[in-house]
Amino acid sequence: MTSTNLTTANRKDLNAQTARFEHRHFATIAKIIRDMPARGGDQLNIARHFARELCGTNPRFQANRFLAACGVED
């Protein structure tokens, strides 16, 4: 990728709006978090952070269900 294309891509990333996520997106994120090497409370903190942010991407998002899928139920 040329530097011009990279600059354009970076600008788009910085100005991106929050997309509407679906179950498949939540499931993929949960799997990534679940498969992380465990280090203290890192997984729980990361999963909680994602849950807070993902609430705004779909009105049907269920934080408790997401945390359970991450393997870090509260």
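For segment 23-37, indicate whether the set of residues that are acidic (Asp, Glu), open to solvent by less than 100 Å² (accessible area, probe 1.4 Å) and at pLDDT 85 or above is non-empty.
yes
When segment 62-74 is examined, which residues are found to be surrounded by fewer than 17 Cβ atoms within 10 Å (Cβ to Cβ) and at pLDDT 95 or above?
GLN62, ALA63, ASN64, ARG65, ALA68
The values are calculated or read from the model by the stated rules, or taken from the named source; none is laboratory data. Note that the coordinates shown come from a computational prediction; the quantities given were computed from them, not determined experimentally. Here Cβ is always computed from backbone atoms with ideal geometry, including for glycine, and neighbour counts include all displayed protein chains. Accessible surface is based on the protein model in full, side chains and every heavy atom, while ligands, DNA and RNA are left aside. Shrake-Rupley method; radii C 1.70, N 1.55, O 1.52, S 1.80 Å.
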